[in-house]
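The values are calculated or read from the model by the stated rules, or taken from the named source; none is laboratory data. Everything numeric in this text was worked out from a predicted model, so none of it was measured. Here the Cβ is made from the backbone with ideal geometry for all residues, glycine too, and neighbour counts use every protein chain on show. Accessible surface is based on the protein model in full, side chains and every heavy atom, while ligands, DNA and RNA are left aside. Shrake-Rupley method; radii C 1.70, N 1.55, O 1.52, S 1.80 Å.
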Amino acid sequence: MSSTKLAALNALTRLARPVRRARLLQAAKQGRAPISISFYHRVSDTHPNGWTISNDQFLRHIDHCQQHFEMIGLDEVQRRVRTSQSHTAAISITFDDGYGDNVDFAMPLLIQRGIPCTYFVTTANVRDQIPFEHDVNLGVPLPVNTIGQIRELADAGIEIGCHTRNHVDFSKIHDPEVIRDEVARAKDDLEQMIGRRVRYFAFPFGMPAQLTQAAIEVIGESGFDGFCSAFGAYNLVDRDWFHLRRFHGDPEFARLQNWLSIDPRKIRQEPTIRYFLPPARSFIETRATIGESTPSLASAH
Ligand SMILES: [Zn+2]
């Protein structure tokens, strides 16, 4: 984002803040406060890139969230959406992929402060210690978590979620066996690794194109409690609770603050995504927001 655009967003967010705050409090009173879920990939002071934020930036995000929001887990997000009981401004923190550096600063910080977090892991990369393709393509193959680290995170109370075996793009996969490998068998791998049930799935890239009916069907059949997208949206009461909508934990603090203060334009701009969910075969209509600062594919692995 250019510095002029950023300055404009800064000014807009500052001006809009009192109105948005009042609107959020009013919605909370009625049990209808939109719930935020942010996603991160890597927190580290080395090798900065589009999917890394520094330790200081992450600390600033978490301090801000703790000051202004109730910090909750994904199960609590779902409970509030399902029951129309969203009485506080709330946020849930998630991570995707499984970067080794996250155990140095980010995870210890969250664990020490007792902040709920869901950590989505790409199982084959972790099991075989293979760097992620998006890093290899940049010529910087960064270390991934080890199985031991994932187990320790789970033991420390971090919820471990599934992010496929091989970080696949479901918009390009049509073979039912491959879909089963990347969803159901990835869940089995992960449950064996950590000795616990894995409840949530996060789509790699997480844009509307990746949320295919075929993949969602297997997610439902495999016993997941829900799936996460990553294209930028809020979770609103009375909407589809199985689909957890997330936005990027943006290093540009102004952009993050704009999301956190509940930008009404992002709610208005929601296209509709429909899917069938087994086994109840309930028909779910989900509205997805594509805002003006929709995260690029580069920032939504
Ligand atoms: Zn990813």
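Scan region 121-158 for residues that are under 16 Å from residue 193 (Cβ atoms), of a type outside the set (A, V, I, L, M, F, W, C) and surrounded by fewer than 20 Cβ atoms within 10 Å (Cβ to Cβ) and the total you get is 9. Does residue 165 qualify as being under 21 Å from residue 152 (Cα atoms) and loosely packed, with under 15 Cβ neighbours inside 10 Å? Answer is no for this residue.
Exactly one residue out of 118, 94 is modelled with pLDDT of 95 or more, in contact with a helix residue (DSSP H, G or I) (Cβ under 7 Å, 6 or more places away or on another chain), open to solvent by less than 20 Å² (accessible area, probe 1.4 Å) and not in a helix (DSSP H, G or I), and it is 118. For region 131-168, a residue qualifies if it is touching a residue at least 60 places away in the same chain (Cβ under 8 Å), closer than 19 Å to residue 200 by Cα and either within 13 Å of the ligand (Cβ to nearest atom) or among the basic types (Lys, Arg) (or both), and the qualifying residues are 161, 162, 163, 167. Considering (1) within 14 Å of the ligand (Cβ to nearest atom); (2) in contact with a Pro (Cβ under 6 Å, 6 or more places away or on another chain); (3) of a type in the set (A, V, I, L, M, F, W, C), the lone condition that residue 230 does not fulfil carries the number (2).
Among the residues of region 177-219, the one identified as within 14 Å of the ligand (Cβ to nearest atom), under 16 Å from the mean Cα position of the chain (by Cα) and in a helix (DSSP H, G or I) is 210.
Take the residues of region 14-53 that are more than 30 Å from residue 82 (Cα to Cα) and open to solvent by less than 20 Å² (accessible area, probe 1.4 Å): which is farthest from the chain's Cα centre (by Cα)?
Among residues in region 14-53 that are more than 30 Å from residue 82 (Cα to Cα) and open to solvent by less than 20 Å² (accessible area, probe 1.4 Å), the one farthest from the chain's Cα centre (by Cα) is 44.
Could you please let me know if residue 102 is within 22 Å of residue 194 (Cα to Cα) and either part of a strand (DSSP E or B) or more than 18 Å from the chain's Cα centre (by Cα) (or both)? It is false that residue 102 is within 22 Å of residue 194 (Cα to Cα) and either part of a strand (DSSP E or B) or more than 18 Å from the chain's Cα centre (by Cα) (or both).
May I ask you to say which residue of 88, 94 is of a type outside the set (Lys, Arg) and within 14 Å of the ligand (Cβ to nearest atom)?
From the options 88, 94, the qualifying one is 94.
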